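Colleague: The structure is given below, and queries will be raised subsequently.
Each reported figure results from applying straightforward, stated rules to the coordinates on display, with no laboratory input. Model, not experiment: these values are computed from the prediction. Counting neighbours? That spans all protein chains shown, and the Cβs are built from the backbone with ideal geometry, glycine included.
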Amino acid sequence: MNHFIDLTLNGIANGAIYAALGLSLVIIYQATRVVNFAQPALALIAVYLAYAVYLATGSYWTGFAVALASGTLMGVLAERLLIRPVHGRSPLSAIIVTLGLLLALQGAAGMVWGNGDYSFPYPMDFRGRFSPAGAFGLGAVAVVTLLLFALYRFTPLGLRMRAAALHPESARLSGVRVGLMLTAGWGIASAIGALAGMLAAPPFLSPNALDAVFVYGIAAAVLGGLESPFGAVAGGLLLGVGLSYVSGYAGPELTTLAALAILVVVLSVRPDGLFTRPVARKV
Amino acid sequence: MASSLRRKQAPAAATARASARRGPAGLWNSLPVLPRHLLAALAALALVAVLTSVTDGLTALRVANVGYYLLAVAGLQLLVGFSGQISLGNGAFMFIGAYTTALMVLYTPMAPLAVVMLAAVAAGCLAGMLVGAATARLHGPYLAGATLALAVGLPAVALRFPDLLGGSNGLFFSLRGAPPALSGLVSDSQWKALVVWFVVLLALVVLATTSRGRLGRRMRAIRDDEAAAATAGIPVGRTKVVAFVISAGCGSLAGACQAYLLGTATPSSFTLALSLSLLAALVLGGLGSLWGALWGALALVYLELAGEELAHAMGLGSNVANNAPVVFFGVILIVIVMAWPLGVQGALSRLGRSLRGR
């Protein structure tokens with residue numbers, strides 16, 4: 001029973017990270033109908049920069065701020081320079097561009113920092129049953145979710161962003177700068193992605209450190225239906241707890257396959273995820 | 001459907017084709033599809049034989065590498081280019097093929113190579129059927145996400161069962177090289193290159209013939225408009241699963257060829273980067289044509305080589321040299337999609353058309 005409780009708590013802490021990455025994918029998907037496969041690479045570069053700053057200044061929190069800022073900047077640049085030109089072409093084009101960016105950035109990280117592992121610090125003490133580090137991760141993701149909710153629900157910027165995503169033409173006619181809103185969405189999403197990277201990277205940082213977490217993040221987003229931020233958070237927590245049981249009782253090597261199994265089972269019941277309404281299509 | 005349209009639109013082209021029927025090209029075109037593909041495969045095999053006999057063993061190995069990459073990319077072409085389903089997980093099917101080969105060689109040493117290869121195809125097709133059936137209702141990003149999990153998750157199985165699958169070191173085995181009767185004529189690596197290309201070309205004949213036939217037409221109809229295809233009576237779900245099965249079988253056979261060449265099967269050769277590189281090669285070569293797979297496979301082998309040589313020549317460290325091919329592929333993917341969306345094959349066919357038009 002004790003083991004079970006440990007696994008559950010551990011799963012919730014991990015699930016918060018998956019939820020954050022899922023959130024960052026969902027925000028971009030909502031805005032531009034693109035699954036940003038480059039998200040782990042953007043986060044990876046942000047985390048490496050944070051690590052460099054941490055080594056130079058000795059302050060974890062300066063590094064943390066640098067990660068969020070550089071993540072935002074990279075998201076904005078990626079949207080402006082790479083995604084905008086293929087906007088409106090086949091969905092495959094955008095997927096391939098983000099995959100290209102993933103390969104290029106991951107390789108670039110290996111070029112600059114090598115393929116080896118660096119020991120990467122936790123924000124707080126990570127020992128114990130529900131460690132301060134785990135609680136910090138969960139709290140950070142909860143705060144981000146609430147802020148996002150408030151942004152979309154109560155601020156003019158959020159309203160414009162939703163309008164630009166739902167009806168770009170009508171939004172443009174009403175004076176919303178649609179392009180700027182899409183860029184803002186990418187910036188916010190990449191900042192959240194960088195946060196997820198900072199939470200996921202410890203104890204070791206390497207160019208492939210975020211691969212598995214990314215698979216779980218995309219699984220969380222897909223479970224939630226890719227269009228619902230709430231769904232991504234719920235999907236992330238569910239997945240975190242489920243995978244924690246698999247890892248604890250069947251072996252940690254099988255977690256990725258278990259994620260695939262959960263994905264397939266859920267999607268075969270609801271092909272568009274748990275939290276989306278089915279859409280009718282005219283032929 | 002497309003050919004009938006073209007015939008209606010261009011009677012001039014039809015008369016041109018009728019006049020061409022008198023020459024050798026006309027004779028070629030009047031052959032049925034299957035013998036035509038078999039003859040082309042025979043010619044390609046002869047070309048490979050000449051190529052490997054005039055070059056050294058290392059080149060023969062590279063030629064063989066091109067062969068199995070060609071098969072893997074061609075299988076992906078059928079899935080992505082023809083049936084319009086995106087898969088980020090074809091490296092996982094190569095994993096299945098390589099490990100099936102290794103296990104067969106280790107535990108049933110008497111089985112001939114053909115049986116081993118067939119077993120690899122069967123294992124790949126079975127896995128493809130499972131994955132395809134499980135994901136047949138998914139599309140676009142949902143399918144990409146599921147296959148991504150497959151690509152990352154499956155190689156970890158080798159770590160979970162180290163006794164059977166050898167853990168992170170993988171499995172090692174030795175295979176016979178050239179038959180003793182030919183030992184003076186061909187070296188082991190030349191013989192292996194020939195065997196790989198024989199297998200690959202046989203599989204390509206099957207692929208090319210299916211994609212020209214009813215199944216290929218159905219796939220393209222589904223790719224272009226799923227709802228319209230369903231309305232026209234095409235069994236959408238079944239066709240999609242069949243595309244997955246064929247593609248997985250090709251990937252698995254490619255993995256088997258790789259294991260046959262190297263004599264090893266290790267989980268670290270089937271990373272996510274492999275699956276993504278296969279997709280990159282496909283896009284670089286050109287979506288929608290099997291020729292595109294050839295250009296993609298050549299790029300996979302020789303661009304990697306060029307990147308490493310360039311990094312060494314410029315005296316850059318091993319960090320740069322190891323990662324140069326990956327960065328290069330990433331950049332090329334982006335550039336191709338932005339500037340040249342039809343890939344090498346698209347550019348070649350446009351060139352060919354403009355030459356013929358003159």
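Colleague: If you plug each phi of region B:274-291 into the Karplus form 6.51 cos²θ - 1.76 cosθ + 1.60 with θ = phi - 60°, what whole-Hz ³J(HN,Hα) values come out, in order, with x for Gly and Pro?
Modeller: For region B:274-291, the Karplus curve yields 5, 4, 5, 5, 4, 5, 4, 4, 4, 5, 4, x, x, 6, x, 9, 5, 4 Hz.
Colleague: In Å, what Rg and Dmax follow from the Cα atoms of region A:21-209?
Modeller: Here Rg and the maximum Cα pair distance are 17.3, 56 Å.
Colleague: Right, next: Rounding to the nearest 20 debye, state how big the charge dipole of the protein assembly as shown is about its Cα centre with +1 on each Lys and Arg Cβ and -1 on each Asp and Glu Cβ. Could the numbers behind the result be given before it?
Modeller: Working: 39 positive and 18 negative charges, 628 e Å.
About 3020 debye.
Colleague: Over all directions, the average projected area of the alpha-carbon convex hull for region A:2-43 comes to how many nm²? Walk me through the numbers before you get to the answer.
Modeller: Details: hull surface 13.7 nm².
That works out to 3.4 nm².
Colleague: If you don't mind, there's one more thing I want to ask. To the nearest 20 Debye, how big is the dipole of region A:18-129 about its Cα centre, given +1 on the beta carbon of each Lys and Arg and -1 on that of each Asp and Glu?
Modeller: Roughly 280 debye for region A:18-129.
Colleague: Along the charge dipole of the protein assembly as shown, pointing to its positive end and built from +1/-1 on Cβ of Lys, Arg, Asp and Glu, which listed residue (B:89, B:105, A:59) has its Cα farthest out?
Modeller: B:89
Colleague: Within 10 Å of each residue's Cβ, count the other Cβ atoms and sort B:197, B:295, A:61, A:113 from fewest upward.
Modeller: By the 10 Å Cβ count, ascending: A:61, A:113, B:295, B:197.
Colleague: Follow-up question, since we're still on this one. Helix B:343-357 versus the longest principal axis of chain B: what is the Cα-based angle in degrees, 0 to 90, to the nearest 10?
Modeller: Tilt relative to chain B: about 30 degrees.
Colleague: Send over the Kirkwood Rh of the protein assembly as shown, from the inverse of the averaged 1/r over different Cα pairs, rounded to one decimal Å.
Modeller: About 26.0 Å for the protein assembly as shown.
Colleague: Using the Kirkwood radius over Cα pairs, work out the Stokes-Einstein diffusion coefficient for chain B at 20 °C and 1.002 mPa s, in µm²/s as a whole number.
Modeller: Calculated translational D: 99 µm²/s.
Colleague: Treat the count of other C-beta atoms within 10 Å as a stand-in for reagent exposure and order A:218, A:188, A:45 from fewest to most.
Modeller: A:45, A:188, A:218
Colleague: For region A:26-131, which trypsin sites (Lys or Arg not before Pro) are in a loop by DSSP, counting at most 10 other Cβ atoms within 10 Å?
Modeller: Answer in residue order: A:127, A:129.
Colleague: Give me the Kirkwood hydrodynamic radius of region A:194-283, using the inverse of the mean 1/r over all pairs of distinct Cα atoms, in Å to one decimal.
Modeller: Radius from the Kirkwood sum: 14.0 Å.
Colleague: Here is a follow-up. What three numbers, in Å, describe the spread of the alpha carbons of region A:1-98 along their principal axes, ordered from the longest?
Modeller: 53, 40, 18
Colleague: Taking all pairs of different Cα atoms in region B:18-160, averaging 1/r and flipping that mean, what Kirkwood radius in angstroms comes out?
Modeller: Evaluated over region B:18-160, this radius sits at 18.3 Å.
Colleague: Which number comes out as Rg/Rh for region B:143-189 once both Rg and the Kirkwood Rh are worked out on C-alpha atoms? Each step should come with its number before you reach the end.
Modeller: On the way: Rg = 18.3 Å, Rh = 13.9 Å.
Rg/Rh for region B:143-189 comes to 1.32.
Colleague: Alpha carbon centre of region A:39-61 versus region A:76-117: separation in Å?
Modeller: If you average the Cα positions of each part, the centres end up 19 Å apart.
Colleague: Roughly speaking, what % of Cα-Cα pairs in region B:271-358 are separated by over 23 Å, rounded to a whole number?
Modeller: Cα-Cα pairs of region B:271-358 separated by over 23 Å account for 30 percent.
Colleague: Translational diffusion coefficient, Stokes-Einstein: compute it for region B:133-249 using the Kirkwood radius over C-alpha pairs as Rh, at 25 °C and 0.890 mPa s, and state it as an integer in µm² s⁻¹.
Modeller: Using the Kirkwood radius from Cα pairs, D works out to 135 µm²/s.
Colleague: Rg and Dmax of region B:214-291 over Cα atoms: what are they, in angstrom?
Modeller: 16.0, 49
Colleague: Suppose we keep just the alpha-carbon trace of region B:167-311; what are its Rg and Dmax in angstrom?
Modeller: Just the Cα atoms of region B:167-311 yield Rg and Dmax of 18.8, 61 Å.
Colleague: Would you be so kind as to identify which of A:75, B:343, B:232 lies farthest towards the positive end of the dipole of the protein assembly as shown, taking Lys and Arg as +1 and Asp and Glu as -1 on Cβ and the Cα centre as origin?
Modeller: Projecting each Cα onto the dipole axis, the largest value belongs to B:232.
Colleague: What is the Å³ per residue value for the convex hull set by the Cα atoms of region B:116-161?
Modeller: It comes to 84 Å³ per residue, whole-number rounded.
Colleague: About the Cα centre of region A:21-209, what is the dipole size in debye to 20, counting +1 per Lys and Arg Cβ and -1 per Asp and Glu Cβ, all else neutral?
Modeller: 560
Colleague: Treating the angle as unsigned and between 0 and 90°, give the value, to the nearest 10°, between the Cα long axis of helix B:188-212 and the longest Cα principal axis of chain B.
Modeller: Roughly 30 degrees, rounded to the nearest 10.
Colleague: For helix B:318-339, what angle does its Cα long axis make with the longest principal axis of chain B, in degrees from 0 to 90 and rounded to 10?
Modeller: That helix lies at roughly 10 degrees to the long axis.
Colleague: What FRET efficiency comes out for residue A:59 versus residue A:265 if R0 is 45 angstrom and r is the Cβ-Cβ distance? Round to the nearest 0.05.
Modeller: It comes to 0.50.
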